[in-house]
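Take a look at the structure set out below.
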Amino acid sequence: MKTDDLIRAIAADAAPAPSLQSRFALLLGLAVAAAATAFWILLGPRDDAVQSLGQLRFVFKFVVTLSLAVPAIGLVLRLVRPGAALGIWRIAILLSPGLLALGVALELAALPSSSWREAMVGENARLCLTYVPLIGLAPLGLLLLALRQGAPAHPMRAGAVAGLIAGGIAASFYAAHCPDDSPLFVAVWYSIAITMLTVLGALIGSRLLRW
């Protein structure tokens, strides 16, 4: 082997491996792309999606779902590092349920009690329970693959948070299609659909992320 070749080989071996955050960011981007692809193939946005951006109840759905996914990302990056302090993410993960509870309270105050059940049941509960998990399956798989690069002390917990992220991403896309904008509907059916992915993530993560 020539000296120049040897130097290049040694330099290549010494090159730092991609950081956990870099790999996670890459696979998170792929997870979002996978969810977007599934959404456009299976559903697509509702006809008045652009016009509805001026309606608070429509936008509120995205606030709730994204305020779940973003803190969950910060939390899971701590969970894959044994001994890492959870910091502010332990509290931030409660932002979404808190906002949703506030939205429900305002909705109950604004609507007559005779309309509560109709608002909660909505028109597409079954569609929500079907397509949020379907859209979130590929993102969940990619996120669990990303977490295998770390060393979570609690694999089931890390898998559950990966399910929350996948659920938040999937629900954000589904919200663009869903005609049911009531916080009551979101509180019941979106929560159930996201919980399905959370439980699945916990079950798979308990085995896949074990080390």
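Screening residue 86 with (1) farther than 20 Å from residue 186 by Cβ; (2) touching a residue at least 24 places away in the same chain (Cβ under 8 Å); (3) among the aliphatic types (A, V, I, L, M) gives one miss only, at (2). Residue 139 fulfils the conditions (1) at pLDDT 95 or above; (2) assigned to a loop (DSSP other than H, G, I, E, B) except for a single criterion, (2). Identify all residues within the stretch 131-151 that are over 16 Å from residue 36 (Cα atoms) and either open to solvent by less than 60 Å² (accessible area, probe 1.4 Å) or aliphatic (A, V, I, L, M) (or both); write none if there are none. Those that are over 16 Å from residue 36 (Cα atoms) and either open to solvent by less than 60 Å² (accessible area, probe 1.4 Å) or aliphatic (A, V, I, L, M) (or both): 144, 145, 146, 147, 150, 151.
Could you go through the stretch 159-171 and let me know if any residue there is more than 18 Å from residue 96 (Cβ to Cβ) and in contact (Cβ under 8 Å) with a residue 24 or more places away in the chain. There is at least one residue in the stretch 159-171 that is more than 18 Å from residue 96 (Cβ to Cβ) and in contact (Cβ under 8 Å) with a residue 24 or more places away in the chain.
Only a single criterion out of (1) touching a helix residue (DSSP H, G or I) at 6+ places or on another chain (Cβ under 8 Å); (2) at pLDDT below 95; (3) open to solvent by less than 70 Å² (accessible area, probe 1.4 Å) is not satisfied by residue 36, namely (2). Note on the stretch 38-125: enclosed helices (runs of 4 or more DSSP H) holding 2 or more residues that are within 23 Å of residue 153 (Cβ to Cβ) are 56-79, 89-92. Of these, 109, 101, which one is open to solvent by 80 Å² or more (accessible area, probe 1.4 Å), at pLDDT 90 or above and out of contact with any Asp or Glu (no Cβ under 9 Å at 6 or more places or on another chain)? That would be 109, the only listed residue that is open to solvent by 80 Å² or more (accessible area, probe 1.4 Å), at pLDDT 90 or above and out of contact with any Asp or Glu (no Cβ under 9 Å at 6 or more places or on another chain).
Pairs are defined by a Cβ separation below 8 Å, a sequence spacing of at least 6 or placement on different chains, a first member in the stretch 178-203 that is part of a helix (DSSP H, G or I), and a second member that is acidic (Asp, Glu) and modelled with pLDDT under 95; the pairs so defined are 183/107; 184/107; 186/180; 189/180.
The values are calculated or read from the model by the stated rules, or taken from the named source; none is laboratory data. Just so we're clear, the structure is a prediction, and the values are computed from it rather than from any experiment. Glycine gets a Cβ as well: all are built from the backbone with ideal geometry, and neighbour counts include every protein chain shown. For accessibility, only protein heavy atoms count, side chains too; no ligands or nucleic acids. Shrake-Rupley method; radii C 1.70, N 1.55, O 1.52, S 1.80 Å.
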